[in-house]
Amino acid sequence: MPFLVYAVTTERDGLRHRMVDGGISLAGSSGPIARLVMRSNDGRPPPFEWHLDASDILRELGFDPVGHSITIDLKPRVQNNVSLFRLTDIWGYSYAEWTPVALRLDVLFADRGESDPAAFKQEFVLGRRSLDVVGEFLYLQGGVLEGTWNWGLVGRVNGALLWPEALHSLTRRLLDGTQPGLARP
């Protein structure tokens, strides 16, 4: 799941996206997420919650957030498919050794058929339209006290994009079953 940086300019027919970096790393102990979380921790003991928006990460990577975006290429190896999602926010809950995170993403293209996806991803114009927003849950193998801060393994059953209805439904059910004092079935 590559993370890409695009230069974004306004044109008459929409927003032109031109790839300027085809493979940034957000994770890792020296990556922007770990650096920003550790810098903002203020010595709090784990666990603690935090939030980063795409502007924070772009600045940390040396890009001007005005005119740039971070985009996830969700299906880079699927033939004739373009699935690009713009990162807007990351929320995390850091424990001592690991950090579950929720990503908020704008859907630029989901399963768009293209004969040459690599060429399309280099530069495209996103017409003026409202974008769907989805959530994705991942985890980092690092926390406040130790760990690599590399992405956890995402396989067929443990990585999910959740559209609003599913996100609300599953989150509500998950929270209902995890309230303090409630018995588990």
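Just so you know, all these numbers are worked out from the coordinates, no wet-lab data involved. Since the model is a prediction, treat every value here as computed from it, not as a measurement. Glycine gets a Cβ as well: all are built from the backbone with ideal geometry, and neighbour counts include every protein chain shown.
General observations
- Summarising the amide proton neighbourhood of Gly28: residues at separation of 5 or more, or on other chains, whose placed amide H is nearer than 5 Å comprise Asn150, Trp151.
- When each of Arg86, Arg18 is scored by the number of other beta-carbon atoms lying within 10 Å, the sequence from fewest to most is Arg18, Arg86.
- Neighbourhood charge, 14 Å Cβ-Cβ cut-off, centred on Leu15 and excluding it, Lys, Arg +1 and Asp, Glu -1: +2
- Calculated P(r) of region 3-176 - Cα pairs past 30 Å, %: 20
- Dividing the summed helix terms, -39500 (n - 2.57) for each DSSP H run of n ≥ 4, by the number of residues in the chain produces a 222 nm estimate of -5500 deg cm²/dmol to the nearest 500.
- Sequentially through region 57-71, phi angles give Karplus couplings (6.51, -1.76, 1.60; θ = phi - 60°) of 5, 4, 4, 4, 7, x, 9, 6, x, 7, x, 9, 9, 9, 10 Hz, Gly and Pro residues having no value and appearing as x.
- Charge context of Thr71, other residues only, Cβ under 10 angstrom, K/R +1, D/E -1: 0
- About its Cα centre, the dipole of region 3-176 is roughly 200 debye, where the only charges are +1 on Lys and Arg Cβ and -1 on Asp and Glu Cβ.
- If you take all other residues with their beta carbon under 13 Å from the beta carbon of Trp91, and give Lys and Arg +1 and Asp and Glu -1, the sum is -4.
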